[in-house]
1. Show that you can apply the helix-only estimate: for chain B, add -39,500 (n - 2.57) for every DSSP H stretch of four or more residues, divide by all residues, and state [θ] at 222 nm to the nearest 500.
2. In a Gaussian network model over chain A where Cα atoms closer than 10 Å are linked, find which of A:CYS276, A:CYS223, A:CYS238 has the largest mean-square fluctuation.
3. Which order do the peptides A:260-268, B:405-413, B:234-242 take when ranked by the mean count of other beta-carbon atoms within 10 Å per residue, highest first?
4. Given a Förster radius of 56 Å and the C-beta distance between B:SER330 and A:LEU66 as r, what FRET efficiency does 1/(1 + (r/R0)^6) yield to the nearest 0.05?
5. Within 10 Å of each Cβ in B:217-228, how many Cβ atoms from other chains are there, averaged over the peptide?
6. Quick one: of the DSSP bridges fully inside the stretch A:100-211, what percent are antiparallel, nearest 5?
7. Once the piece of chain linking A:ALA123 and A:ASP143 is laid out straight, how much longer is it, given 0.36 nm per residue of separation minus the C-alpha distance between them?
8. In nm, what is the difference between 0.36 nm times the number of residues separating B:ASN363 and B:ARG249 and their Cα-Cα distance?
Amino acid sequence: MYKILKKEVLSDVVKLMDIEAPHVARKARAGQFVIVRIDEFGERIPLTIADFNREKGTITIIFQELGKSTIQLGRLDVGDSIASFAGPLGHPTEIADYGTVICIGGGVGIAPIFPIARALKEAGNTVISIIGARSRELLFWEDRMRAVSDELIVCTDDGSHGRKSLVTEPLKEFLENKDKKISHVWAIGPAIMMKFVTLTTKPYDVATTVSLNTIMIDGTGMCGGCRVLLEDGAQFVCVDGPEFNGHKVDWDNLLSRLSFYKDEEKKAMEYYAHKCRLENAISEGGK
Amino acid sequence: MTELKAAERMKIKRHDMPHQDHVLRRGNYSEVALGYSEETAKAEAERCLQCKDPKCTQGCPVGVMIPQFIKALREGDMVKAVEWMKVKNNLPAVCGRVCPQEVQCEGSCILAKKGEAVAIGRLERFVGDYELAHRTCPLVKAPDTGKKVAVVGSGPSGLTCAVDLARDGHKVTLYESLHGPGGVLIYGIPEFRLPKAVVHGEISYAVECLGIDVKTDHVIGRSFTLDELLAENDAVFLGTGAGLPSFMRIPGINLNGVMSANEFLTRVNLMKAYQFPNYDTPVRIGKKVAVIGAGNVAMDAVRCSKRLLSLQTEQSGGGPGEANIVYRRSRDEVPARQEEVLHAEEEGVIFNFLTNPIEIIGNEKRAVTGLKCMKMQLGEPDKSGRRQPEPIEGSEFVMEVDTVIMALGTSPNPIVFVDAVGLERTKHGTAVADTATGRTKKKRVWAGGDVVTGAATVISAMGAGKRAAADINAFLKGEADWQ
Ligand SMILES: Cc1cc2nc3c(=O)[nH]c(=O)nc-3n(C[C@H](O)[C@H](O)[C@H](O)COP(=O)(O)OP(=O)(O)OC[C@H]3O[C@@H](n4cnc5c(N)ncnc54)[C@H](O)[C@@H]3O)c2cc1C
Ligand SMILES: Cc1cc2nc3c(=O)[nH]c(=O)nc-3n(C[C@H](O)[C@H](O)[C@H](O)COP(=O)(O)OP(=O)(O)OC[C@H]3O[C@@H](n4cnc5c(N)ncnc54)[C@H](O)[C@@H]3O)c2cc1C
Ligand code: SF4
Ligand code: SF4
Ligand code: FES
């Protein structure tokens, strides 16, 4: 069992937790992920390592409450434990001094982009960061991102904070600017955002790394459920990734595979909500 | 009881195993084969001729003392039967259920040549189940040697090795990347063939008796590297299996509805998708399933499919659906255990022999709608004596299906080899290790089971774990050098 040592609410739907897991913390690096299973009945879900503390043996996870598992996780508190926590999985980000780089975080993707931006900055890069979300309530870590970036652009779809635009707009402007050569772009966020980021950088031939969020089960290369179609064949996101050259990804295949279990995800959520209502009714009835 | 004569023993017919009704069982996950009663077990044990040179034992990969345990069993001395069994086999309740007996012990039994072999597997299961219930043969730990061993992987090979080394008095830590120990016994072989309670029962008993430290969620190669384990232990055993699935190189493998058998079976068995939504992990099966391949894995996948289809019909109506095996060779070449093929047939699985898939067809939503196949015929025998299947020209046809499960064999998962300098591997990805001792090319590292042989059997993996444990023990006691 792995104990929750800290919990923070970052936005309406985004939560942060520090989990006690020394076996993961000892080796964890930016870009890697863990597989989490809440309890005996739980599914195995992948979450990025947002931060880590080797001395304390803790891993920070940040998750968006989307469906049954993440909502259930969000209801746990400091002192509670989760059943499984395996990792660190996948390859770490390749950090080097590339020159001027752009780090893009969309929605909950701001969390995993942060340690990458920080490491790139420490490696000597000039770091431009662009973070975006649907609206102000969904944004977080603006201050932390600013602290590790030479320049930070904040966007919201509805204009409730920062610039009213998608992240691809400022990205395009940076790419157009001939004075500043961009040598590499990282993008983490919803698949659809990453797709459009790669479409934006493609004409400028700027290397673009994305972190793919396919559906996973084991996370160790055993099932092939996480496979993604690249230009040169299929690869497993959990062992070959999670970061890939975004220009080689077959995005439409990825998007369709992500939605394959939509009906079942809805059913799981309804079942969970029903169970919670029952439990509430029982505990209130007992009062 | 008066001793029977050999001729009399040979007149007794082999005893059938009671089974769950084949129509009923399509809709549930309970065990299919129900096991002998004490009376039937004893009666079956009477058939054994107690050969002086027992061929059965030679046919068993670990050399189980078969005539000895059968004799004790028919004399009603169950305690002794268990003792004989446990000399060579720690997990009789498992092996009795899943060994391909017809090509191992029973295939070699002298009676097999004259008619029907003694039902060794069923008797073994009876003895194993007796031990599970009564625990007459407690595992005893020798005095602490002060030596530490790390065992990686908790499948049959790792478990056997860990148990034997802990009995020898070494401090054993068992590392497993999944959330529970057992390997294929837990994530691959379904409940209706090997109840998980049997596996959990055996593992927790051994762990408690022997104080083995089980560390789940530990992916070796990631959480710790092999060299890090070597720094903290006197020896390391790798029993990481062959869990990496292969996909056919045909168009359409990335369509929605195409899965590896590993994904399908992991969802169903390890994650209990057949109890969705009570358990969180779903599995989508559609109405018509094609499982490609005809090994044990394919049989398990197709029989799970059949059950899921029945559950679906029960819960939301609709037709019974269709579960197909698609295999490019003929019935005679089917590699699965006979019993599984028989059970699959009884349960209504459709077998398409001499049929080779060439393309998976999808619709505009990228979901599977069909499997394009060619009919095959068997050609001349090749060097190995096996008749190779050849496509029949112009025989293409499309099977209407919405799920395609690939059960095409697996190879070792490479994660454990990350940064493992000096550990040699073959071009098939298997670890190079000595068959007799399990020694790899890296000092103080042993390996055994599927990671060395490629996908094989439970009992051969256990045998490898046992041989390695013996050599590790000798090495740790200073009785054997590492040259
Ligand atoms: C390597 C990796 C790292 C990840 N890191 C993080 C992270 O740090 N924080 C975080 O919040 N999430 C992360 N994800 C995504 C996370 O695993 C899913 O959000 C989670 O599994 C959803 O489970 P659920 O039961 O709550 O929702 P579900 O009921 O499974 O899904 C609810 C909704 O979310 C969509 N969805 C399902 N799975 C995914 C997915 N993998 N990606 C995007 N949308 C999905 C569904 O289509 C559905 O609309 C990561 C995924 C991968 C593969
Ligand atoms: C579906 C199916 C049905 C089968 N049916 C039969 C049958 O009826 N009869 C029969 O005799 N055989 C059968 N087999 C074959 C048999 O199960 C295997 O040969 C046997 O389990 C091999 O044992 P093992 O210990 O070598 O490996 P496994 O059982 O594969 O166990 C390996 C373990 O190591 C873990 N692991 C892998 N990498 C790492 C790592 N880096 N760090 C930590 N842990 C790791 C894995 O998670 C796994 O738990 C079947 C196999 C399958 C898949
Ligand atoms: S272990 Fe398997 S092969 Fe050996 S005797 Fe038992 S059932 Fe037969
Ligand atoms: S070969 Fe058959 S008859 Fe002979 S001892 Fe073995 S089980 Fe008995
Ligand atoms: S999640 Fe199973 S292979 Fe990647």
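The values are calculated or read from the model by the stated rules, or taken from the named source; none is laboratory data. If you're wondering where the values come from, they're calculated on a predicted model, not measured in any experiment. All Cβ positions, glycine included, derive from the backbone under ideal geometry; neighbour counts span all protein chains shown. These area figures cover heavy atoms from the full protein model, side chains too; ligands, DNA and RNA do not enter into them. Shrake-Rupley method; radii C 1.70, N 1.55, O 1.52, S 1.80 Å.
1. -10000 deg cm²/dmol
2. A:CYS276
3. Averaged packing, sorted descending, gives the order B:234-242, B:405-413, A:260-268.
4. With R0 = 56 Å, the Cβ-Cβ based efficiency is 0.70.
5. Across B:217-228, the average partner-chain Cβ count within 10 Å equals 5.
6. 0 percent
7. That pair, A:ALA123 and A:ASP143, stretches by 5.2 nm at full extension.
8. 39.1 nm
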